[in-house]
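To start, the structure itself, in structure tokens.
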Amino acid sequence: MPDSLRRALRAPAAPIELREVDPRSAPLAPGDKEATREATRVDATRLAELQQRLYAEGSGGGSRRRVLLVLQGMDTSGKGGVVKHVVGAMEPHGVTVTSFGKPTPEELRHSFLWRVRRALPGPGKVGVFDRSHYEDVLIGRVRELATPEVIERRYREIVRFERQLVADDVTVVKVFLHLSPWEQKQRLLARLDDSSKRWKFDPADVDERALWPQYQQAYATALARTDTDTAPWYVVPADRKWYRNWAVGRLLLETLTELQPRLPEPPWDVDEQRDRLIEEHPISW
């Protein structure tokens, strides 16, 4: 891939100013809306093939390699849309999707990384986190659920945790879906106007909008503190759904292409098994 989207969307160097990244931009898009949608469909075929090879490699080849896609963003930024349109194109038996909500009483009795460790993908799988361990340095900071000292310690814990993942053959792809407040308002209004989507509306989302500047600063700080060469952050403009889906799919495609997963060789003789099938006695029905 001559033009690397990973390079184009890599989080800017600290200090990060998210206001300088246009949520309606479309870096390296293959064309207009329709052309990009078509490119997304083409990429999905190749992505599914590579994901199947990764799954086969983990299931029959003894490899521990796996991929973890971390999706973070404000409400309505499109985490569910990515799961549906991008992750949904892959073989379901090779994918695990975990949505992290408010911690349960049991989860609160453990370290904030406890529930995350339990949800990591197994060998050969692509794991997707719809929200993640980053909630504990985002909401925790904005809502002052933890002290600044605890938040700073969590940044360091996250970096160590992700380094451990990489050392254990996990390729980490962290995506921040960068949405504008104007676009979020339109999407929330659309939920209210469509009776089939009102169940997705939460009045608390309106309250959270009042804290938009604080959340943007929390995201900028989290990206700056936890962006590393082994577990980088990508900032995907998310106002245009068609670009968002193509971009996340392409980030995964570049990642899996680089991994070059290979189908394992069978431990049995192919010709021998073919002869057995040809020579078997007819089966009575």
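Listed values, structure above:
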read-out: Selected residue [more than 24 Å from the chain's Cα centre (by Cα) and under 15 Å from T76 (Cα atoms)] from A210, A190; value: A190
read-out: Selection count, segment 240-285, where residues are out of contact with any Lys or Arg (no Cβ under 7 Å at 6 or more places or on another chain), of a type in the set (A, V, I, L, M, F, W, C) and open to solvent by 90 Å² or more (accessible area, probe 1.4 Å); value: 5
read-out: Every residue from segment 220-239 that is open to solvent by 10 Å² or more (accessible area, probe 1.4 Å) and among the aromatic types (F, W, Y); value: Y234
read-out: Answer residue from segment 29-45, given it is in a loop (DSSP other than H, G, I, E, B) and without any contact (Cβ under 8 Å) to a residue 40 or more places away in the chain and is nearest to T228 (Cα to Cα) among those; value: G31
read-out: Selected residue [in contact with a helix residue (DSSP H, G or I) (Cβ under 6 Å, 6 or more places away or on another chain) and of a type outside the set (D, E, K, R)] from L138, L165, L189, L145; value: L138
read-out: So S77, is it buried (at least 20 other Cβ atoms within 10 Å of the Cβ), closer than 30 Å to A222 by Cα, hydroxyl-bearing (S, T, Y) and in contact with a strand residue (DSSP E or B) (Cβ under 8 Å, 6 or more places away or on another chain); value: yes
read-out: Condition met for R19 (closer than 24 Å to D239 by Cβ and open to solvent by 80 Å² or more (accessible area, probe 1.4 Å)); value: yes
read-out: 2 or more residues touching a residue at least 12 places away in the same chain (Cβ under 8 Å) and surrounded by fewer than 17 Cβ atoms within 10 Å (Cβ to Cβ): qualifying helices (runs of 4 or more DSSP H) within segment 97-176; value: 148-167
read-out: Members of segment 252-285 that are within 30 Å of T230 (Cβ to Cβ) and not in a loop (DSSP other than H, G, I, E, B); value: L252, L253, E254, T255, L256, T257, E258, L259
read-out: In segment 1-28, residue farthest from W246 (Cα to Cα) [restricted to those that are in a loop (DSSP other than H, G, I, E, B) and among the hydrophobic types (A, V, I, L, M, F, W, C)]; value: A14
read-out: Selected residue (only one of A14, A8 is over 18 Å from the mean Cα position of the chain (by Cα), under 21 Å from A231 (Cβ atoms) and not hydroxyl-bearing (S, T, Y)); value: A14
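The values are calculated or read from the model by the stated rules, or taken from the named source; none is laboratory data. All figures in this text were calculated on a predicted structure; none of them were measured in a lab. Heads up, the Cβs are rebuilt from the backbone with ideal geometry, glycines too, and the neighbour counts pull from every protein chain shown. Remember, those area values only see protein heavy atoms, side chains included, never the ligands or the DNA or RNA. Shrake-Rupley method; radii C 1.70, N 1.55, O 1.52, S 1.80 Å.
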